[in-house]
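This report concerns only the one structure given below.
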Amino acid sequence: MSDTKIAFTIDGQRVETAPGTTVLQAALDAGIYIPNLCYSPKLEPYGGCRLCICKISGMRGLPTACTTRAAEGMAVESDSDEVNKVRRMILELMISDHPADCLSCGANQDCQLQKVASFLGIKELRVSRHVRQPRIDDSNPFFVRDSSKCILCGKCVRICQEVRGVSNLDFVKRGFVADIAPFEGLIADSRCESCGACVDICPVGALLPKQEALPPTKEVTTVCPYCGCGCGLVLGIRGNRIVRVRGEEGNRASGGELCVKGRFGLDFVSSPNRLKAPLIRKEGKLVEATWDEALDFTAKRLAEIRDTHGAEAVAGFCSAKCTNEENYVFQKFMRAVVGSNHVAHCAHL
(Lines give C-alpha, C1' and ligand atoms only; values in the text may rest on other atoms or scores of the structure.)
Protein backbone atom coordinates (compact mmCIF):
# COMPACT_ATOMS: atom_id res chain seq x y z
CA MET A 1 0.00 0.00 0.00
CA SER A 2 1.43 3.36 -1.05
CA ASP A 3 2.26 5.97 1.59
CA THR A 4 2.15 8.79 -0.95
CA LYS A 5 0.53 11.96 0.40
CA ILE A 6 -0.64 15.14 -1.23
CA ALA A 7 -0.57 18.51 0.53
CA PHE A 8 -2.93 21.45 0.22
CA THR A 9 -4.22 24.27 2.43
CA ILE A 10 -7.56 24.97 4.09
CA ASP A 11 -7.87 28.56 5.31
CA GLY A 12 -4.10 28.76 5.30
CA GLN A 13 -3.59 25.56 7.29
CA ARG A 14 -1.48 22.86 5.63
CA VAL A 15 -3.27 19.51 5.32
CA GLU A 16 -1.83 16.22 4.10
CA THR A 17 -4.02 13.40 2.87
CA ALA A 18 -4.04 10.35 0.63
CA PRO A 19 -4.73 10.81 -3.10
CA GLY A 20 -8.43 10.50 -3.94
CA THR A 21 -9.63 11.83 -0.59
CA THR A 22 -12.33 14.47 -0.74
CA VAL A 23 -11.66 17.94 0.62
CA LEU A 24 -14.33 17.46 3.29
CA GLN A 25 -12.97 14.14 4.53
CA ALA A 26 -9.42 15.48 4.58
CA ALA A 27 -10.58 18.51 6.58
CA LEU A 28 -12.50 16.41 9.10
CA ASP A 29 -9.53 14.03 9.46
CA ALA A 30 -7.34 17.07 10.22
CA GLY A 31 -9.79 18.35 12.85
CA ILE A 32 -11.11 21.19 10.68
CA TYR A 33 -14.89 21.47 10.81
CA ILE A 34 -16.70 22.22 7.56
CA PRO A 35 -20.51 22.36 7.97
CA ASN A 36 -22.30 19.40 6.43
CA LEU A 37 -25.60 17.55 6.78
CA CYS A 38 -25.72 15.02 3.94
CA TYR A 39 -22.19 13.61 4.27
CA SER A 40 -21.20 10.27 5.77
CA PRO A 41 -17.99 8.28 5.24
CA LYS A 42 -20.21 5.23 4.71
CA LEU A 43 -21.92 6.77 1.69
CA GLU A 44 -20.94 7.92 -1.77
CA PRO A 45 -20.39 11.72 -2.09
CA TYR A 46 -23.73 13.42 -2.69
CA GLY A 47 -23.52 17.21 -2.37
CA GLY A 48 -27.21 17.53 -1.57
CA CYS A 49 -27.31 19.94 1.37
CA ARG A 50 -24.77 22.37 -0.21
CA LEU A 51 -23.53 23.43 3.24
CA CYS A 52 -19.95 22.24 2.66
CA ILE A 53 -19.41 24.70 -0.22
CA CYS A 54 -15.95 26.25 -0.35
CA LYS A 55 -13.96 28.62 -2.50
CA ILE A 56 -11.28 26.55 -4.20
CA SER A 57 -8.41 27.82 -6.31
CA GLY A 58 -8.80 27.12 -10.02
CA MET A 59 -12.51 26.29 -9.74
CA ARG A 60 -15.49 28.40 -10.68
CA GLY A 61 -18.27 29.18 -8.22
CA LEU A 62 -18.46 27.48 -4.83
CA PRO A 63 -18.06 23.70 -5.26
CA THR A 64 -19.04 21.28 -2.51
CA ALA A 65 -16.15 19.92 -0.47
CA CYS A 66 -17.75 16.48 -0.17
CA THR A 67 -17.67 15.88 -3.94
CA THR A 68 -14.33 17.57 -4.71
CA ARG A 69 -11.15 15.50 -4.56
CA ALA A 70 -8.18 17.13 -2.90
CA ALA A 71 -5.26 17.96 -5.20
CA GLU A 72 -1.61 18.87 -4.65
CA GLY A 73 -1.21 22.59 -3.94
CA MET A 74 -4.94 23.28 -3.84
CA ALA A 75 -5.96 26.34 -1.79
CA VAL A 76 -9.35 26.06 -0.06
CA GLU A 77 -11.26 28.86 1.65
CA SER A 78 -13.90 27.40 3.95
CA ASP A 79 -14.48 29.79 6.84
CA SER A 80 -14.63 33.05 4.94
CA ASP A 81 -17.32 35.76 5.02
CA GLU A 82 -18.15 35.13 1.36
CA VAL A 83 -18.69 31.42 1.83
CA ASN A 84 -20.52 31.67 5.16
CA LYS A 85 -22.92 34.28 3.74
CA VAL A 86 -24.14 31.77 1.16
CA ARG A 87 -24.26 29.00 3.76
CA ARG A 88 -26.43 31.12 6.06
CA MET A 89 -28.99 31.70 3.30
CA ILE A 90 -29.07 27.96 2.51
CA LEU A 91 -29.55 27.08 6.17
CA GLU A 92 -32.15 29.77 6.79
CA LEU A 93 -34.25 28.40 3.94
CA MET A 94 -33.84 24.94 5.41
CA ILE A 95 -34.92 26.10 8.87
CA SER A 96 -37.80 28.22 7.59
CA ASP A 97 -40.22 25.28 7.55
CA HIS A 98 -38.52 23.21 10.26
CA PRO A 99 -40.26 22.79 13.65
CA ALA A 100 -38.73 24.91 16.43
CA ASP A 101 -39.44 22.49 19.29
CA CYS A 102 -35.75 21.86 19.97
CA LEU A 103 -36.08 21.55 23.75
CA SER A 104 -38.67 18.79 23.49
CA CYS A 105 -37.12 17.09 20.47
CA GLY A 106 -35.46 13.72 21.07
CA ALA A 107 -32.46 14.82 18.99
CA ASN A 108 -31.77 17.92 21.11
CA GLN A 109 -28.03 18.37 21.79
CA ASP A 110 -27.35 15.61 19.27
CA CYS A 111 -28.74 17.41 16.23
CA GLN A 112 -26.45 18.29 13.32
CA LEU A 113 -28.82 21.08 12.25
CA GLN A 114 -28.29 22.74 15.64
CA LYS A 115 -24.53 22.33 15.29
CA VAL A 116 -24.42 23.98 11.86
CA ALA A 117 -26.74 26.81 12.96
CA SER A 118 -24.51 27.46 15.96
CA PHE A 119 -21.36 27.40 13.82
CA LEU A 120 -22.83 29.93 11.39
CA GLY A 121 -24.17 32.12 14.20
CA ILE A 122 -27.79 32.08 13.05
CA LYS A 123 -29.99 33.75 15.68
CA GLU A 124 -32.87 34.94 13.52
CA LEU A 125 -34.24 34.26 10.05
CA ARG A 126 -34.44 36.76 7.22
CA VAL A 127 -37.09 34.68 5.44
CA SER A 128 -40.69 34.03 6.43
CA ARG A 129 -41.43 30.86 8.39
CA HIS A 130 -44.00 28.29 7.44
CA VAL A 131 -43.63 25.47 9.93
CA ARG A 132 -44.81 22.08 8.78
CA GLN A 133 -47.30 20.24 10.97
CA PRO A 134 -46.16 16.99 12.60
CA ARG A 135 -46.58 13.98 10.30
CA ILE A 136 -45.99 10.94 12.48
CA ASP A 137 -45.51 7.35 11.37
CA ASP A 138 -45.19 5.21 14.50
CA SER A 139 -46.23 1.96 12.84
CA ASN A 140 -42.77 0.44 13.33
CA PRO A 141 -42.37 -1.17 16.78
CA PHE A 142 -38.84 0.17 17.27
CA PHE A 143 -38.67 3.70 15.88
CA VAL A 144 -40.90 6.62 14.96
CA ARG A 145 -40.70 8.91 11.93
CA ASP A 146 -41.78 12.56 11.88
CA SER A 147 -41.66 13.79 8.28
CA SER A 148 -42.10 17.42 9.36
CA LYS A 149 -38.57 17.38 10.81
CA CYS A 150 -37.00 15.83 7.72
CA ILE A 151 -34.49 18.08 5.90
CA LEU A 152 -34.38 15.87 2.78
CA CYS A 153 -30.64 15.20 3.16
CA GLY A 154 -31.19 11.73 1.69
CA LYS A 155 -28.95 9.91 4.17
CA CYS A 156 -31.65 7.41 5.11
CA VAL A 157 -32.41 6.72 1.45
CA ARG A 158 -28.78 6.20 0.56
CA ILE A 159 -27.77 4.00 3.49
CA CYS A 160 -30.80 1.79 2.87
CA GLN A 161 -29.72 1.44 -0.77
CA GLU A 162 -25.93 1.60 -0.72
CA VAL A 163 -25.10 -0.15 2.56
CA ARG A 164 -28.08 -2.31 3.56
CA GLY A 165 -29.14 -3.21 0.01
CA VAL A 166 -32.85 -3.04 0.88
CA SER A 167 -33.85 0.15 -1.00
CA ASN A 168 -36.98 0.59 1.10
CA LEU A 169 -36.92 4.41 1.14
CA ASP A 170 -36.87 6.98 -1.61
CA PHE A 171 -37.81 10.56 -2.43
CA VAL A 172 -41.48 11.06 -3.27
CA LYS A 173 -43.32 14.08 -4.68
CA ARG A 174 -41.57 17.36 -5.49
CA GLY A 175 -41.24 20.97 -4.42
CA PHE A 176 -42.72 22.04 -1.08
CA VAL A 177 -44.46 18.68 -0.64
CA ALA A 178 -41.34 16.60 -1.31
CA ASP A 179 -40.88 13.81 1.22
CA ILE A 180 -38.99 10.60 1.94
CA ALA A 181 -41.06 7.48 2.45
CA PRO A 182 -41.40 3.81 1.56
CA PHE A 183 -43.42 3.13 -1.57
CA GLU A 184 -45.97 1.19 0.46
CA GLY A 185 -46.88 4.20 2.64
CA LEU A 186 -46.38 3.22 6.29
CA ILE A 187 -43.07 1.74 7.38
CA ALA A 188 -44.83 -1.25 8.96
CA ASP A 189 -46.37 -2.14 5.59
CA SER A 190 -43.06 -1.92 3.75
CA ARG A 191 -40.10 -4.28 3.40
CA CYS A 192 -38.21 -2.46 6.17
CA GLU A 193 -35.97 -4.85 8.13
CA SER A 194 -35.90 -2.58 11.22
CA CYS A 195 -32.10 -2.61 11.26
CA GLY A 196 -32.06 1.00 12.49
CA ALA A 197 -29.39 2.17 10.02
CA CYS A 198 -31.63 5.03 8.87
CA VAL A 199 -32.28 6.02 12.49
CA ASP A 200 -28.60 6.14 13.38
CA ILE A 201 -27.59 8.18 10.34
CA CYS A 202 -30.41 10.76 10.51
CA PRO A 203 -28.81 14.14 11.37
CA VAL A 204 -31.99 15.58 12.91
CA GLY A 205 -35.02 14.27 14.81
CA ALA A 206 -36.95 12.89 11.85
CA LEU A 207 -36.13 9.30 12.84
CA LEU A 208 -35.86 8.43 16.52
CA PRO A 209 -35.89 5.20 18.55
CA LYS A 210 -38.99 4.71 20.67
CA GLN A 211 -37.20 3.36 23.74
CA GLU A 212 -34.16 5.68 23.92
CA ALA A 213 -35.23 8.89 25.61
CA LEU A 214 -32.48 9.59 28.17
CA PRO A 215 -28.90 10.45 27.16
CA PRO A 216 -26.23 8.05 28.45
CA THR A 217 -23.65 9.04 31.04
CA LYS A 218 -21.02 6.64 29.69
CA GLU A 219 -20.45 4.22 26.83
CA VAL A 220 -19.23 0.64 26.88
CA THR A 221 -17.96 -1.34 23.89
CA THR A 222 -19.00 -4.99 23.76
CA VAL A 223 -20.10 -7.80 21.43
CA CYS A 224 -23.68 -8.54 20.41
CA PRO A 225 -25.01 -11.60 22.30
CA TYR A 226 -27.44 -12.80 19.65
CA CYS A 227 -25.30 -14.91 17.29
CA GLY A 228 -21.76 -15.98 16.55
CA CYS A 229 -20.97 -13.22 14.05
CA GLY A 230 -19.35 -11.03 16.71
CA CYS A 231 -20.88 -7.68 15.72
CA GLY A 232 -19.54 -4.80 17.77
CA LEU A 233 -21.88 -2.81 20.01
CA VAL A 234 -21.43 0.53 21.74
CA LEU A 235 -23.85 0.62 24.67
CA GLY A 236 -24.93 3.92 26.19
CA ILE A 237 -25.24 3.35 29.94
CA ARG A 238 -27.13 5.41 32.49
CA GLY A 239 -27.84 4.23 36.02
CA ASN A 240 -26.63 0.71 35.22
CA ARG A 241 -29.21 0.46 32.43
CA ILE A 242 -28.78 0.36 28.65
CA VAL A 243 -30.41 3.50 27.26
CA ARG A 244 -28.86 3.60 23.78
CA VAL A 245 -27.30 1.17 21.33
CA ARG A 246 -25.24 1.78 18.21
CA GLY A 247 -22.88 -0.22 16.06
CA GLU A 248 -19.15 0.00 16.68
CA GLU A 249 -17.61 1.81 13.73
CA GLY A 250 -14.63 0.00 12.28
CA ASN A 251 -15.57 -3.35 13.83
CA ARG A 252 -14.07 -6.05 11.61
CA ALA A 253 -17.11 -8.31 11.86
CA SER A 254 -19.89 -5.78 11.27
CA GLY A 255 -18.36 -2.51 10.05
CA GLY A 256 -20.65 -0.57 12.36
CA GLU A 257 -23.87 -2.16 11.05
CA LEU A 258 -26.38 -4.13 13.13
CA CYS A 259 -29.47 -6.26 12.57
CA VAL A 260 -32.78 -5.62 14.30
CA LYS A 261 -31.88 -7.89 17.23
CA GLY A 262 -28.57 -6.24 17.99
CA ARG A 263 -29.94 -2.72 17.53
CA PHE A 264 -33.29 -2.96 19.29
CA GLY A 265 -33.38 -6.30 21.10
CA LEU A 266 -31.36 -5.68 24.26
CA ASP A 267 -34.25 -4.69 26.55
CA PHE A 268 -34.09 -8.18 28.08
CA VAL A 269 -30.93 -7.14 29.94
CA SER A 270 -32.96 -5.08 32.44
CA SER A 271 -36.05 -7.31 32.42
CA PRO A 272 -37.34 -8.21 35.91
CA ASN A 273 -38.03 -11.72 34.56
CA ARG A 274 -34.41 -12.36 33.66
CA LEU A 275 -32.88 -15.35 35.46
CA LYS A 276 -29.86 -14.47 37.55
CA ALA A 277 -29.23 -17.87 39.15
CA PRO A 278 -29.79 -21.55 38.20
CA LEU A 279 -33.15 -23.07 39.12
CA ILE A 280 -33.76 -26.66 40.29
CA ARG A 281 -37.23 -28.13 40.62
CA LYS A 282 -37.84 -29.36 44.17
CA GLU A 283 -41.22 -30.72 45.28
CA GLY A 284 -42.82 -29.34 42.13
CA LYS A 285 -41.39 -25.83 42.47
CA LEU A 286 -38.40 -24.12 40.87
CA VAL A 287 -36.01 -22.79 43.50
CA GLU A 288 -32.69 -20.98 43.16
CA ALA A 289 -29.51 -22.98 43.48
CA THR A 290 -25.78 -22.45 43.23
CA TRP A 291 -23.91 -23.30 40.05
CA ASP A 292 -22.20 -26.22 41.78
CA GLU A 293 -25.58 -27.62 42.81
CA ALA A 294 -27.00 -27.17 39.33
CA LEU A 295 -24.01 -28.80 37.60
CA ASP A 296 -23.95 -31.73 40.04
CA PHE A 297 -27.70 -32.25 39.56
CA THR A 298 -27.37 -32.11 35.76
CA ALA A 299 -24.46 -34.59 35.71
CA LYS A 300 -26.32 -36.99 38.00
CA ARG A 301 -29.53 -36.93 35.94
CA LEU A 302 -27.67 -37.32 32.62
CA ALA A 303 -25.85 -40.36 34.00
CA GLU A 304 -29.10 -41.87 35.35
CA ILE A 305 -30.93 -41.41 32.03
CA ARG A 306 -28.02 -42.85 30.03
CA ASP A 307 -27.64 -45.86 32.32
CA THR A 308 -31.38 -46.55 32.40
CA HIS A 309 -32.46 -45.83 28.83
CA GLY A 310 -29.22 -45.75 26.86
CA ALA A 311 -27.13 -42.89 25.47
CA GLU A 312 -29.48 -42.37 22.53
CA ALA A 313 -32.16 -41.22 25.01
CA VAL A 314 -30.13 -38.04 25.58
CA ALA A 315 -30.16 -35.16 23.09
CA GLY A 316 -28.25 -31.86 23.10
CA PHE A 317 -29.30 -28.52 21.69
CA CYS A 318 -26.64 -25.90 20.87
CA SER A 319 -27.10 -22.13 20.71
CA ALA A 320 -26.09 -19.58 18.08
CA LYS A 321 -25.36 -17.19 20.95
CA CYS A 322 -22.29 -19.27 21.78
CA THR A 323 -18.99 -19.12 19.92
CA ASN A 324 -18.03 -21.74 17.36
CA GLU A 325 -15.48 -23.09 19.84
CA GLU A 326 -18.08 -23.49 22.60
CA ASN A 327 -20.47 -25.28 20.25
CA TYR A 328 -17.65 -27.57 19.11
CA VAL A 329 -16.86 -28.51 22.73
CA PHE A 330 -20.56 -29.15 23.39
CA GLN A 331 -21.02 -31.54 20.46
CA LYS A 332 -17.78 -33.26 21.47
CA PHE A 333 -19.15 -33.70 24.99
CA MET A 334 -22.40 -35.18 23.64
CA ARG A 335 -20.65 -37.63 21.31
CA ALA A 336 -17.54 -38.57 23.27
CA VAL A 337 -18.77 -38.34 26.88
CA VAL A 338 -22.51 -38.98 26.77
CA GLY A 339 -22.26 -41.23 23.70
CA SER A 340 -25.18 -39.70 21.78
CA ASN A 341 -25.19 -38.36 18.25
CA HIS A 342 -28.44 -36.47 18.84
CA VAL A 343 -27.03 -32.92 18.61
CA ALA A 344 -29.01 -30.07 17.06
CA HIS A 345 -28.53 -26.33 16.72
CA CYS A 346 -30.99 -23.43 16.81
CA ALA A 347 -29.72 -22.26 13.41
CA HIS A 348 -31.71 -25.15 11.94
CA LEU A 349 -34.98 -23.45 12.90
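The values are calculated or read from the model by the stated rules, or taken from the named source; none is laboratory data. Keep in mind it's a predicted model, so treat the numbers as computed, not measured. In this analysis, Cβ positions are derived from the backbone assuming ideal geometry, glycine residues included, and neighbour counts consider all displayed protein chains.
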Note to self: Against the conditions (1) of a type in the set (A, V, I, L, M); (2) surrounded by 13 or more Cβ atoms within 10 Å (Cβ to Cβ); (3) touching a residue at least 24 places away in the same chain (Cβ under 8 Å), where does Ala347 fall short? Just the number, please.
What the structure shows: (2)
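Would a scan of region 265-273 turn up a residue that is in contact with a Pro (Cβ under 6 Å, 6 or more places away or on another chain) and either part of a loop (DSSP other than H, G, I, E, B) or under 30 Å from Asn140 (Cα atoms) (or both)?
No: region 265-273 contains no residue that is in contact with a Pro (Cβ under 6 Å, 6 or more places away or on another chain) and either part of a loop (DSSP other than H, G, I, E, B) or under 30 Å from Asn140 (Cα atoms) (or both).
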Notebook entry, point to check: Residue check: is Pro209 under 15 Å from the mean Cα position of the chain (by Cα) and crowded, with 16+ Cβ neighbours inside 10 Å?
Noted result: yes
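So which residues in region 25-36 are over 16 Å from Asn84 (Cβ atoms) and not in a loop (DSSP other than H, G, I, E, B), if there are any at all?
Filtering region 25-36 for residues over 16 Å from Asn84 (Cβ atoms) gives 25-26, 28-31.
If the condition is that a residue be over 16 Å from Asn84 (Cβ atoms) and not in a loop (DSSP other than H, G, I, E, B), then Gln25, Ala26, Leu28, Asp29 are the ones that fit.
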Next item on the list: All but one of (1) part of a loop (DSSP other than H, G, I, E, B); (2) in contact with a Lys or Arg (Cβ under 9 Å, 6 or more places away or on another chain) hold for Cys229, so report the exception by its number.
Entry: (2)
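Taking the condition of being in contact with a helix residue (DSSP H, G or I) (Cβ under 7 Å, 6 or more places away or on another chain) and either at pLDDT 95 or above or buried (at least 19 other Cβ atoms within 10 Å of the Cβ) (or both), how many residues in region 171-192 meet it? Don't jump to the end; show me each part of the working.
Restricting attention to region 171-192, the residues satisfying the condition of being in contact with a helix residue (DSSP H, G or I) (Cβ under 7 Å, 6 or more places away or on another chain) are 171, 179-180.
Those left that are additionally either at pLDDT 95 or above or buried (at least 19 other Cβ atoms within 10 Å of the Cβ) (or both): 180.
The total comes to 1.
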Margin query: Among (1) over 17 Å from Ser194 (Cβ atoms); (2) out of contact with any helix residue (DSSP H, G or I) (no Cβ under 6 Å at 6 or more places or on another chain); (3) touching a residue at least 24 places away in the same chain (Cβ under 8 Å); (4) not in a loop (DSSP other than H, G, I, E, B), there is one condition Ile242 misses while meeting the rest; what is its number?
Written below: (2)
Next item on the list: Scan region 1-47 residue by residue and report those that are without any contact (Cβ under 8 Å) to a residue 60 or more places away in the chain and hydroxyl-bearing (Ser, Thr, Tyr).
Entry: Ser2, Thr4, Thr17, Thr21, Thr22, Tyr39
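Run down Glu283, Glu293, Glu304 and say which single residue is surrounded by 11 or more Cβ atoms within 10 Å (Cβ to Cβ), not assigned by TED's automatic domain parsing to the domain that holds Leu266 and not hydrophobic (A, V, I, L, M, F, W, C). Spell out the reasoning first.
Values: Glu283 fails: surrounded by 11 or more Cβ atoms within 10 Å (Cβ to Cβ); Glu304 fails: surrounded by 11 or more Cβ atoms within 10 Å (Cβ to Cβ).
Criteria check complete, one pass: Glu293.
Mind checking which residues of region 9-42 are among the hydrophobic types (A, V, I, L, M, F, W, C) and either farther than 18 Å from Ala75 by Cβ or outside the structural domain of Thr64 (by TED's automatic domain parsing) (or both)?
Kept after step one, since they are among the hydrophobic types (A, V, I, L, M, F, W, C), are these residues of region 9-42: 10, 15, 18, 23-24, 26-28, 30, 32, 34, 37-38.
Listed by number, the residues that qualify are Ala18, Leu28, Leu37, Cys38.
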Checklist line | When residues of region 274-287 are limited to those that are in a strand (DSSP E or B) and of a type outside the set (D, E, K, R), the one nearest to Leu43 (Cα to Cα) | finding: Leu279
Note to self: Checking Arg87 against (1) assigned to a loop (DSSP other than H, G, I, E, B); (2) within 28 Å of Ile180 (Cβ to Cβ): exactly one of these is not met. Which one?
What the structure shows: (1)
Notebook entry, point to check: Any idea how many residues of region 123-180 are free of Cβ contacts under 8 Å to residues at least 60 places away in the same chain and in contact with a Leu (Cβ under 7 Å, 6 or more places away or on another chain)?
Noted result: 8
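The rows are residues; the columns are (1) aliphatic (A, V, I, L, M); (2) surrounded by fewer than 14 Cβ atoms within 10 Å (Cβ to Cβ); (3) more than 30 Å from Thr22 (Cβ to Cβ).
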| position | (1), (2), (3) |
| --- | --- |
| Gly47 | no, no, no |
| Lys55 | no, no, no |
| Ala70 | yes, no, no |
| Cys102 | no, no, yes |
| Leu113 | yes, no, no |
| Ser139 | no, no, yes |
Note to self: I want to confirm something. Restricting to region 324-335 and keeping residues that are surrounded by fewer than 12 Cβ atoms within 10 Å (Cβ to Cβ) and at pLDDT below 95, which single residue is nearest to Ala303 (Cα to Cα)?
What the structure shows: Glu325
